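Data block below; observations after.
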Amino acid sequence: MTNLSTAPAFTPGDVIAESTITVTRETLVRYAGASGDFNPIHYRDDIASAAGLPGVIAQGMLTMGLAIGVLTDALGDPSRVVEYGCRFARHVIVDPSLGAQLHIVATVKEVRDATATVALAASVDGAQVLVKAVATVAL
Amino acid sequence: MINPAIAGKVYPPTTPYLVGREKIREFATATGTQTALCTDVEAARGAGYADVVAPPTFAVIISQKAETALLFDPEADIDFEHLVHGEQKFSHHKAIVAGDELSATLTVTSVKALGGNSMLTTTTEIVDDAGEPVSTAVATFVIRGVA
């Protein structure tokens, strides 16, 4: 249930949600099953390296989904996200033992009559993996 | 790489996909969402939804089904070993909840050459069983040129 008293206020410049998520090979396999994206570059090192990648990489849609999850948890209602888009800038390489640390920061950019735009910064080791990741939230 | 003549091509609607409650829960878990509306039926009903609510990127399950027809279309001649997902955007017209029956119609909106690469943009309209618009998914794929 959306509890308005705990819902974040929307003021441009405010960080309304932030989280560091450990992405492991298990995260990738779980997402493959949940989404139906069974491209083996997301779970097989030999196929990833044959494709010219430095290792198994996370599904771009997983990174996109994890990033918006941080915002929807703060909102309490996923359907308040009426628009969400991003560009996939860099692969998230997922080490078999260490995984990858994905850092997400949701910052209010602009507030209009009935909507707010929220920028989602997603980075691994300080490098942005998504660019122009922006969600439009119904107020 | 890709046949530029497929720009404008519209693929037939996908077989209706029945959105399952456990699928929404599974997808929410896989994308790290803790929101009760995605997992708890009573919470979702209390907030006015018929059943649990899908996370914002859940629509990719349905749009991906429409993309499969394009990726395996011999006329498109896509070299999918060199295909990379470049951009993705969803515009949601209404919430997706468990019990919805959704189908997707994909249009190839553009095919462009960019350096040695090709850029393919698709627009997929997802509708419910009454034909009402649910989501619009716009995807850009880059097909890397092989030197």
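The values are calculated or read from the model by the stated rules, or taken from the named source; none is laboratory data. As the structure is a computational prediction, the values presented were derived from the model and not from experiment. Reconstructed Cβ throughout: ideal geometry from the backbone, glycine too, with neighbour counts over all protein chains shown. Areas reflect the complete protein model, heavy atoms only, side chains present, ligands, DNA and RNA absent. Shrake-Rupley method; radii C 1.70, N 1.55, O 1.52, S 1.80 Å.
Placing unit charges on each Cβ (+1 for Lys and Arg, -1 for Asp and Glu) gives the stretch A:1-88 a dipole about its Cα centre, and among A:Ile16, A:Val70, A:Asn39 the Cα reaching farthest toward its positive end belongs to A:Asn39. With a 1.4 angstrom probe, the accessible area lost at the B-A interface totals about 2600 Å². Solvent exposure of the protein assembly as shown amounts to 44 Å² per residue of accessible area, where only protein heavy atoms count and the probe is 1.4 Å. Straight-line cross-link reach from B:Lys112 at under 19 Å between alpha-carbon atoms covers these lysines, not counting any fewer than eight positions away in the same chain: B:Lys9, B:Lys89. Over all other residues within a Cβ to Cβ distance under 12 Å of B:Phe27, the charged ones net out to +1, with Lys and Arg as +1 and Asp and Glu as -1.
Placing +1 on each Lys and Arg Cβ and -1 on each Asp and Glu Cβ, with no other charges, gives the stretch B:90-147 a dipole about its Cα centre of roughly 540 debye. Taking B:Met1, A:Met61, B:Met119 and ordering them by how much accessible surface each has at a 1.4 Å probe, largest first, produces B:Met1, B:Met119, A:Met61. For chain B, adding -39500 (n - 2.57) for each run of n ≥ 4 DSSP H residues and dividing by the number of residues yields -6000 deg cm²/dmol at 222 nm. Burial of accessible area (probe 1.4 Å, heavy atoms of protein chains only) in the stretch B:47-77, relative to its chain alone, reaches at least 50 Å² for B:Pro56, B:Thr57, B:Gln64.
Listed by chain and number, the lysines whose C-alpha is less than 19 Å from the C-alpha of B:Lys94, apart from same-chain residues fewer than 8 away, are B:Lys23.
When the gyration tensor of the stretch B:1-47 is built from Cα positions, what are the square roots of 5 times its three eigenvalues, in whole Å, from largest to smallest?
Equivalent ellipsoid semi-axes, largest first: 36, 14, 9 Å.
Both radii were evaluated on the Cα set of the stretch B:18-147; the Rg over Rh quotient, with Rh as the Kirkwood radius, amounts to 1.06. Dividing the Cα radius of gyration of the protein assembly as shown by 2.2 N^0.38 Å, with N the residue count, gives 0.98.
How would A:Leu53, A:Leu62 rank on accessible area, largest to smallest, probe 1.4 Å?
Listed by decreasing accessible area, they come as A:Leu53, A:Leu62.
Positive end of the dipole of the protein assembly as shown (Cβ unit charges, origin at the Cα centre): among B:Val97, B:Tyr11, B:Gly131, the Cα lying farthest that way belongs to B:Tyr11.
What net charge is computed for the residues neighbouring A:Gly55, neighbours being all others with C-beta under 9 Å from the C-beta of A:Gly55, Lys and Arg scored +1, Asp and Glu -1?
Numbers: positive: none; negative: A:Asp45, A:Asp95.
Charge balance near A:Gly55 sits at -2.
Which value in deg cm²/dmol, rounded to the nearest 500, describes the helix-derived mean residue ellipticity at 222 nm for chain A, given -39,500 (n - 2.57) per DSSP H run of n ≥ 4 and division by the residue count?
On the way: 3 runs with 33 residues, N = 139.
So the helix-based figure for chain A works out to -7000 deg cm²/dmol.
Once C-alpha pairs closer than 8 Å and six or more residues apart are averaged by separation and normalised to the residue number of chain A, the relative contact order reads 30 percent. Along the stretch A:134-139 the Karplus relation, 6.51 cos²θ - 1.76 cosθ + 1.60 evaluated at θ = phi - 60°, assigns HN-Hα couplings of 9, 10, 9, 10, 6, 8 Hz to successive residues, with x for each Gly and Pro. Of the beta bridges in the stretch A:29-139, as assigned by DSSP with both residues counted there, near 100 percent are antiparallel. Its Cα gyration tensor gives the stretch A:15-138 an equivalent ellipsoid, and the semi-axes of that ellipsoid, as √(5λ) in whole Å with the largest first, are 28, 14, 12.
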